[in-house]
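Below: the structure, in structure tokens.
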Amino acid sequence: MLPLSIDPQTRDRYRRRNRLQTLLLALGAVLLLAACAYTLAGLQGVVWAAVGGGLSIFLATSLSPQMVLGLYGARELSAHDFPQAHRIVRLLSERAGLASPPRLYRVSSQMMNAFSTGRRDEAVICMTDGLLNRLTAREFVGVMAHELAHIVHEDIHVMALADVVSRMTTVMSALGLFIAVLHIPEMLAGGGDVPWAAIAILIVAPTVGTTLQLGLSRTREYDADLGAAALTGDPEGLAEALLKLDRMQGRMWEAMTPQGARIPDPSVLRTHPATEERVRRLRALKARPERWIDAEGRLHRHGRSPVPDTGPPRRRWRGLGLWY
């Protein structure tokens, strides 16, 4: 086990901030759904929304990872194909306290991407050939630790909640506005008051709900970065990987679009935080370089990447660019 090489005060401050933001954003999304349900059908509508939402979240989190992998055409990456990746993930899984390491899959794509899915006891990490080709071993460790942090934090449940609540809010808003449009002429003809406040809530609810969902996604990414740094003791490894992904993916998109046509997305509309801010937070975690000596008298330094020694790097995996 490597000694702690991240600043504990900075880590705890970011952790408290991430938890508070997660709580507030999730609570805001649920309250918005409740407001739409109440506007549509009163207290009975709130009860039915709670029952339907709970059932939908249960079904969403119970889906087998194989269904998601089938959409991407992913194939399992065996220990024989890539022993270093399996060894790294096994080491990080032990540090994270997982009973068993996630299974590894690969997708034939030159886009640089990795994602995790499933529960703690049935988790999967999927990565593209582009990612395997271009990351160094240290960067690869950081990315795998990030995906493991998502699994440990059970982020699939958090994002399933956000997705279900956002979809239900949109459906209720559309249904409520449809009913309101049908009844407004009748209200005006009979001299009744038009519930403009309720209509305003239904109009803005989908936009606000989506904004809350995206904000929650960005917060969980920050927390996964923090979890990865805590697992590896090497925030710089993940920072370098993020910079490389941002640089390489940017070049790919620029090559696919006309010159000058690429307009940056507003940060509030992104599912992931801006890379610059993620890197800034990761580098703020680094403690001052210190030296220490182990029981055998060997000199070490904090901040080393926990890449296991897999022997001389003389073999290439299936023609891809990463040696093991």
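The values are calculated or read from the model by the stated rules, or taken from the named source; none is laboratory data. The model shown is predicted, which means the values in this text are computed figures rather than measured ones. With ideal geometry, Cβ positions are generated from the backbone for all residues, glycine too; neighbour counts draw on all protein chains shown. Surface areas here come from the heavy atoms of the whole protein model, side chains and all, with no ligands, DNA or RNA. Shrake-Rupley method; radii C 1.70, N 1.55, O 1.52, S 1.80 Å.
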Exactly one of these conditions fails for ALA50: (1) within 29 Å of ARG119 (Cα to Cα); (2) surrounded by 16 or more Cβ atoms within 10 Å (Cβ to Cβ). Give me its number.
(2)
Flag if MET144 is in a helix (DSSP H, G or I) and at pLDDT 95 or above
yes
Out of everything in segment 1-60 that is closer than 19 Å to ASP155 by Cα and of a type in the set (Val, Ile, Thr), what residue ends up being modelled with the lowest pLDDT?
ILE57
Is one or more of the residues making up segment 216-235 at pLDDT 85 or above, open to solvent by less than 40 Å² (accessible area, probe 1.4 Å), closer than 20 Å to GLY130 by Cα and part of a helix (DSSP H, G or I)?
no
For segment 100-115, how many residues are open to solvent by less than 30 Å² (accessible area, probe 1.4 Å) and either in contact (Cβ under 8 Å) with a residue 40 or more places away in the chain or outside any strand (DSSP E or B) (or both)?
2
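Residues checked against (1) open to solvent by 50 Å² or more (accessible area, probe 1.4 Å); (2) assigned to a helix (DSSP H, G or I); (3) touching a residue at least 24 places away in the same chain (Cβ under 8 Å); (4) more than 16 Å from LEU161 (Cα to Cα):
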{"site": "THR10", "(1), (2), (3), (4)": "no, yes, yes, yes"}
{"site": "ARG13", "(1), (2), (3), (4)": "yes, yes, no, yes"}
{"site": "LEU23", "(1), (2), (3), (4)": "yes, yes, no, no"}
{"site": "LEU27", "(1), (2), (3), (4)": "yes, yes, no, no"}
{"site": "LEU31", "(1), (2), (3), (4)": "yes, yes, no, no"}
{"site": "CYS36", "(1), (2), (3), (4)": "no, yes, yes, yes"}
{"site": "LEU40", "(1), (2), (3), (4)": "yes, yes, yes, yes"}
{"site": "LEU43", "(1), (2), (3), (4)": "yes, yes, no, yes"}
{"site": "SER56", "(1), (2), (3), (4)": "no, yes, yes, no"}
Log entry, pairs with first residue in segment 71-99 being farther than 17 Å from GLY142 by Cβ and among the hydroxyl-bearing types (Ser, Thr, Tyr), second being open to solvent by less than 40 Å² (accessible area, probe 1.4 Å) and outside any helix (DSSP H, G or I), beta carbons closer than 8 Å, six or more apart or on different chains, reads TYR72/VAL107; TYR72/CYS126
